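Below is one structure; the comments refer to it alone.
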Amino acid sequence: MIAVVDYGIGNLRSVEKALQQVGAQTVIAGDGQTILDAEGLVLPGVGAFGDGMKELRCHGLDRLIRMAVMQGKPLLGICLGMQLLFESSEELGFCEGLALLAGRVVRFPDTGLKIPQTGWNRIWFVQQHPLLDGLPEGCYVYFNHSYCCQPASQEVVLAQAEYGIRYPAVVGYGRVFGVQFHPEKSQEIGLRILRNFVEMTT
């Protein structure tokens, strides 16, 4: 059972539908027992970092997510959900994150490209990992974001993309993973990543 964390921000149904498409049993979860009973967690999200953390804290979900990770449950953050895994963000002022991964979230620098980055872009592998099994190098996935992650260590970067700068597109450390793009909108490539994640929970 994969729990899609419901904190009032994110396209829960499309993420749940994509997970079901790759064979996962799913539940939309906003309470502690459901989250702690699940084999794996998916943290979706769209919008501002501060709003996301406020909602997580208001419902006590930040503590529950940390507890689930401590119990060894795999966690996949999607888009804003990936950014929330880090220690802090500069979006709309300083805001602390879940601190499951060391580093911070910063706005794309002004390179003349349109911000936010919205649309298809390629990802390039930095290291081999089961989350990326079966994906071709340079495959296209769908992004929609104005901020990007700056990990404290490049060891957590599994794949990167380029949009004026190179930045992490996929991260992972232990059982904590994040994708900056939307796998539920990335057709077969996105479904393969979700399938790989589901297989890692069994």
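Run the numbers for R63 and N144: contour at 0.36 nm per residue of separation, minus the present Cα-Cα distance, in nm. Don't skip to the end; give the middle numbers.
Values: separation 81, 0.36 × 81 = 29.16 nm, distance 2.75 nm.
Using 0.36 nm per residue and subtracting the Cα-Cα distance, I get 26.4 nm.
With the whole protein complex present, E199 retains an accessible surface near 110 Å², based on a 1.4 Å probe. In this structure segment 21-91 gives 38 Å² per residue of accessible area when probed at 1.4 Å with all protein chains present.
Are there chymotrypsin sites (Phe, Trp or Tyr not before Pro) in segment 35-110 that DSSP puts in a loop and that have at most 11 other Cβ atoms within 10 Å, and which ones?
Details: sites: F49, F86, F94; in loops: F86, F94.
Here the chymotrypsin sites (Phe, Trp or Tyr not before Pro) that fit, given the DSSP loop and packing criteria, are F94.
Between E87 and A99, the contour length at 0.36 nm per residue exceeds the alpha carbon distance by 3.9 nm.
Whenever you get a sec, line up M82, M67 from highest to lowest accessible area (probe 1.4 Å, protein heavy atoms).
Details: M82 0, M67 65 Å².
Reading off the accessible areas and sorting them downward yields M67, M82.
Taking each DSSP H run with n ≥ 4 as -39500 (n - 2.57) and averaging over every residue of the chain yields -7500 deg cm²/dmol at 222 nm.
Of all the options V27, V141, V42, the one that moves most in a Gaussian network model of the chain with Cα springs shorter than 10 angstrom is V27. Label point of S153 set 7 angstrom out along Cα-Cβ; within segment 74-113, amide nitrogens under 11 Å from it belong to 102.
Which of the lysines could be linked to K73 by a straight reach, that is with a Cα gap under 22 Å, when you skip same-chain ones fewer than 8 residues away? Those lysines meeting the cut-off are K17. Ligands, DNA and RNA excluded, the heavy atoms of T202 present near 140 Å² of accessible surface to a 1.4 Å solvent probe. Across the alpha-carbon atoms of segment 16-131, the computed radius of gyration and Dmax are 15.6, 47 angstrom. The accessible-area ordering, largest first, of the residues H182, H129 stands as H129, H182, per a 1.4 angstrom probe.
If you take the beta carbon distance between T111 and D133 as r and set R0 to 45 Å, what does 1/(1 + (r/R0)^6) give as a FRET efficiency, to the nearest 0.05? Don't skip to the end; give the middle numbers.
On the way: r = 32 Å, r/R0 = 0.72.
About 0.90, to the nearest 0.05.
Listed options for P(r) over Cα pairs in 10 Å bins from 0, in percent are [x] 9, 40, 39, 11, 0; [y] 9, 27, 35, 24, 6, 0; [z] 8, 29, 34, 19, 7, 3, 1. The value calculated from this structure is the one marked [x].
Projected label points at T118 and M70, each 7 Å from Cα along the beta carbon direction, are separated by 4.1 nanometres. To check you understand DSSP bridge types, tell me what percent of the beta bridges within segment 26-150 (both residues inside) are antiparallel, rounded to 5. Bridges in segment 26-150 are about 70 percent antiparallel.
The values are calculated or read from the model by the stated rules, or taken from the named source; none is laboratory data. None of the values given here were measured: they were computed from a predicted structure. Positions of Cβ are generated from backbone atoms using ideal geometry, with glycine treated the same way; all protein chains shown enter the neighbour counts. What goes into the accessible areas is simple: the full protein's heavy atoms, side chains included, and nothing from ligands, DNA or RNA. Shrake-Rupley method; radii C 1.70, N 1.55, O 1.52, S 1.80 Å.
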